[in-house]
1. Using a Debye calculation, one point per C-alpha and no hydration shell, please list log10 I(q)/I(0) for the chain at q = 0.11, 0.12 Å⁻¹ in order.
2. About the Cα centre of the chain, what is the dipole size in debye to 20, counting +1 per Lys and Arg Cβ and -1 per Asp and Glu Cβ, all else neutral?
3. Please give the calculated 222 nm ellipticity per residue for the chain, where each DSSP H segment of at least 4 residues contributes -39500 (n - 2.57) and the sum is spread over every residue; nearest 500 deg cm²/dmol?
4. What is the helix-to-structure angle for 626-643, meaning the angle in degrees between its Cα long axis and the longest Cα principal axis of the chain, kept from 0 to 90 and rounded to the nearest 10?
5. Would you list the P(r) distribution for segment 101-173, with all Cα-Cα distances sorted into 5 Å bins from 0 and each bin expressed as a whole %?
6. Using the Cα centre as the reference, give the magnitude of the dipole from point charges on the C-beta atoms of segment 103-206 (Lys, Arg: +1; Asp, Glu: -1; all else neutral), rounded to the nearest 20 debye.
7. For the chain, take the longest principal axis of its alpha carbons; what is the angle in degrees between that and the long axis of helix 200-209, to the nearest 10 within 0 to 90?
8. So for segment 119-270, Kirkwood radius off the Cα pairs, Stokes-Einstein at 37 °C and 0.692 mPa s: how many µm² s⁻¹?
Amino acid sequence: MSPLSVKAVLALAALVPAVLGGGIVSDPSVFASKCFDYIVVGGGTAGLAVAERLSENSNIVVGVIEAGQHLPNDPLIFTPALFGYAQSQPTYDWMLETVPQTALDGKVLEQPRGKILGGSSALNYMAFDRGSKAEYDAWTKFGGSDWSWSGLLPYIKKAEHVHGAVVTTPWNDPKTVDTSVEGVTGPIQVSYNDWYSDITKPYLNTGSSLGINLSTTPDNGNATGVYNCKMSVDRTTGRRSYAANTYHTIASSRSNYWVLLGAEATKIVTTGSNYKRDDASVASADSTDSTTTDSASRKSVTATGVTFKVGSKSYTVKLKKEVIVSCGSLKTPQLLELSGIGNKDILKKYGITPLVDLPGVGENLQDHVFVPNSFALKPGYTTFDILNNDPTFAAQQNATYYKNGTGIYAATHSAFAFFDLQTFLPQSTVNSLLKTAISEAGSAGPSPLEQTAFNIQANAIQNTDLGQVEIIMYPGHFSPTPAVPGTSYISILMALQRPWSRGSVHIGSNNATAPPVIDPQYLSNDFDMQVMIKACQFARKIAQTAPLKNAIASFQDPPANTTSDAAWEAYVKDAVEPVYHPAGTAALGARADGGVVDSRLKVYGTTNIRVADASIIPLEPAAHLQSTVYGIGEKAAAMIAADNS
Ligand SMILES: Cc1cc2nc3c(=O)[nH]c(=O)nc-3n(C[C@H](O)[C@H](O)[C@H](O)COP(=O)(O)OP(=O)(O)OC[C@H]3O[C@@H](n4cnc5c(N)ncnc54)[C@H](O)[C@@H]3O)c2cc1C
Ligand SMILES: *[C@@H]1O[C@H](CO)[C@@H](O)[C@H](O)[C@H]1NC(C)=O
Ligand SMILES: *[C@@H]1O[C@H](CO)[C@@H](O)[C@H](O)[C@H]1NC(C)=O
Ligand SMILES: *[C@@H]1O[C@H](CO)[C@@H](O)[C@H](O)[C@H]1NC(C)=O
Ligand SMILES: *[C@@H]1O[C@H](CO)[C@@H](O)[C@H](O)[C@H]1NC(C)=O
Ligand SMILES: *[C@@H]1O[C@H](CO)[C@@H](O)[C@H](O)[C@H]1NC(C)=O
Ligand SMILES: *[C@@H]1O[C@H](CO)[C@@H](O)[C@H](O)[C@H]1NC(C)=O
């Protein structure tokens, strides 16, 4: 659209706002005066994918309610090498945190979540990868045959536009794209870095000598080995490619797509009730519900609108067809609970009338965690530390970035390795760790859904080469103690991929704008703790193996005197951080097993409330999540369109 026609549309919109419109609406009362076919709550990673795809049908009108602002021209959002800078700032981040974590001696951990159009896709570190085929096929145990590798792959592909390598990478990645597994027509631009640290090659060679093989095909269903992770970066501009400057931009030219920013949804307005106090017949109907069908004889809840707050003012907007909850794993359960959908005891405790007794809401919380291990390098290596150590070089690189979209500022770390426990532990140790995992998981009182996941996890440990541990190699300083000026580092972040600990997220009051109570129970299953300890010991072994060994000057974190079991455990407890992949809190699964949504992503006990975001993931894959979440958004949109046609 030319600037002239944009102006013309805006002028017309000002004259007849109720007829035309589209894009971002500034007046909440105008938004609230509409009656939308679909309301998407949360303009994040999955939410914007759902909204954009639904709005392709010009006969329906879609409204998006988003708490944050639209900031695509903010350097902290668009500059790849400045990842992490927008975190912990209220302009961009919900700034949630955990309750004190029991297994970490009461430590409280930050839980960053994008509060911005684009959601966490605006805040994330841009790694764009996916898990192994077996990990998605495992979802069929929860959501039926639609939720498998072959069921999700077309939608993961639909979201992405993958580009081949533009420079020769340390892996010799292909310049062409394998279109049998990678998408080339989607909105999210996915590319390889064009800048690499010279510590990468020695690191890769050491990895190979320790059994971590190079891969240039991590998207083909085998996501193990050490690979050059592609990034959600538009290589033509060197900028982050995320839900707001892709899906939203595409949809915003349509008059049937409306977004309200700075608006916090506080409740889904409904009619009907699926819950009768002390009604035994409802209770027994609940327990016989199947994965795919909601019992027709039971009364259901129907959403008729959404209440939201802008500042201190409340509004309610009406809807005709459906509400799609896409608030992310840490906020979706909160909105459901505030709307009377959740564990009846938790709802009653905070004075909320239960409408659907659904004890799985907010349970099954799982997340990846990592522990950094950093090593100072001998002089002569160029890492991201140069941006701090050499201001002249940094200024030159910044100028190049702003002129040309290239250089070190357009890059992020991309050497990721995924491997099984047997790569670094003897089978006897694996066996005894697994025994611990099973017995501790069992005594924590898992739901049937969680138990199904544990059975899959146990089998995977013994029989399948899946990523149990990931190494995120950051060529630069990334660890608890401050960098020594003038020094370059390699940081080897060991990340747990298939944790056995499960936590929860629930409301802690009926105050809709208060943060939820988040208890991930990090490292509470001793398997998780022991694997992290042993993985960190493996990181030290990597640093002590040639050729990388020849580049290392000294151990930074943990210090060299960390040698006893007690010292390693203390270090892990102190240094562990989340990878920011919370999932599973409104999981696909049978209602009786603790599932929250059925295979069509519809919330049990409701006729027209769906969830589309990372919360529906029943068992997290060994991968960073965004590509999978975009796929969930795309698949949800296709299901919603099909179910309403
Ligand atoms: C710091 C960080 C780094 C990460 N790094 C990577 C990475 O490198 N690679 C990767 O693949 N993944 C990464 N992830 C994870 C990935 O980004 C997320 O898993 C994914 O974006 C989650 O998408 P979602 O749709 O579930 O939720 P989100 O994208 O978080 O969307 C939720 C949206 O709902 C809005 N919202 C919530 N509640 C309300 C309400 N009540 N009313 C109105 N709006 C509301 C939020 O503001 C937000 O826009 C990272 C995440 C973070 C936070
Ligand atoms: C790595 O490659 C070697 C040689 O091809 C092979 O023997 C070994 O099994 C591979 N390792 C893993 C973990 O797949
Ligand atoms: C998966 O890829 C890795 C890395 O290339 C390789 O070592 C391994 O053998 C592959 N596994 C299978 C089952 O093909
Ligand atoms: C990079 O250059 C831009 C444009 O000149 C400027 O706005 C920005 O502050 C610079 N950033 C850094 C980190 O120097
Ligand atoms: C500008 O970018 C192009 C690729 O987009 C690259 O080939 C070229 O080397 C860059 N120029 C500078 C000065 O970095
Ligand atoms: C609700 O929570 C918000 C955010 O913590 C707080 O500012 C507000 O005062 C609370 N309202 C009430 C009535 O407690
Ligand atoms: C280990 O070394 C660090 C300094 O690197 C020191 O602060 C610490 O006290 C030492 N710990 C032990 C147990 O010796």
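1. Here the Debye-derived log intensity ratios amount to -1.07, -1.27.
2. Details: 47 positive and 55 negative charges, 244 e Å.
Taking the Cα centre of the chain as origin, the dipole is about 1180 debye.
3. -8500 deg cm²/dmol
4. That works out to roughly 20 degrees.
5. Here the calculated profile for segment 101-173 is 3, 11, 11, 13, 14, 20, 15, 8, 4, 1.
6. Numbers: 10 positive and 12 negative charges, 44 e Å.
Using Cβ point charges on Lys, Arg, Asp and Glu, segment 103-206 gives about 220 debye.
7. That helix lies at roughly 80 degrees to the long axis.
8. Working: Rh = 17.7 Å.
Stokes-Einstein gives a translational diffusion coefficient of 185 µm²/s.
The values are calculated or read from the model by the stated rules, or taken from the named source; none is laboratory data. Computed from a predicted model, the values in this text were never measured in an experiment. Here the Cβ is made from the backbone with ideal geometry for all residues, glycine too, and neighbour counts use every protein chain on show. We work out accessible area using only protein heavy atoms, side chains counted, and drop any ligands, DNA or RNA first. Shrake-Rupley method; radii C 1.70, N 1.55, O 1.52, S 1.80 Å.
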